[in-house]
Amino acid sequence: MTTRRLVVLVGRSALFGLAIALPLGDGDFVSVEIWLGVTGALIATGLLRQILSVAPFEEARMHVAWTWRRRRPVSGPDHRPRGLRAMEGIVANARHNPRAHHSGLRPRLSALADHFLPIRRAVDPQRDPAGVRDVLGDVSWLIDPVVLDRSPTVGEVDTFLDKILAEDHSVTRREQPGSE
């Protein structure tokens, strides 16, 4: 809970407690006990609501001391590596937003191309942009900094990764640059 939400909760609770305590007070006085009780109850209720809205509910499981069956390992979307989940988010954003592609996905794809194309295809992206276009074909626009108005599909990103990770068996180790 943020400080602002806490201040708003305390303020609302104090005002509502005052509105209840005024008519219940004796004569012209405010019943302080009622005001403090109502204010405290409302703050506690608000904090409990906040806790319950954030806390995920999990089904209860009874764990016995012994079992005849082996338990299956817990797996699911939350047990994936954090970097993989972050990359999925970047690709998901870039699918519908050209600006997210330009600022988030393109630098990562360019770094992958800069690393893998010289190793696997003997093409240096810095010195031979035409060779990169020949290797990547119709998905070379994914790393072209001039293209600003397109968003990639998941299939295009998958094709791009397949092309930069595929090894070119026609290139021998001696023909690659820097292998002399």
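The values are calculated or read from the model by the stated rules, or taken from the named source; none is laboratory data. Predicted, not measured: the structure shown is a model, and the values here were computed from it. Using ideal geometry, Cβ is built from the backbone for each residue, glycine included, and neighbour counts are taken over all protein chains shown.
Data table
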{"read-out": "Extreme residue, farthest from Ala130 (Cα to Cα), among residues of the stretch 141-158 that are of a type in the set (A, V, I, L, M, F, W, C) and surrounded by 14 or more Cβ atoms within 10 Å (Cβ to Cβ)", "value": "Val157"}
{"read-out": "Among residues of the stretch 18-40, those that are modelled with pLDDT of 80 or more and either touching a Pro at 6+ places or on another chain (Cβ under 8 Å) or surrounded by 14 or more Cβ atoms within 10 Å (Cβ to Cβ) (or both), counted", "value": "3"}
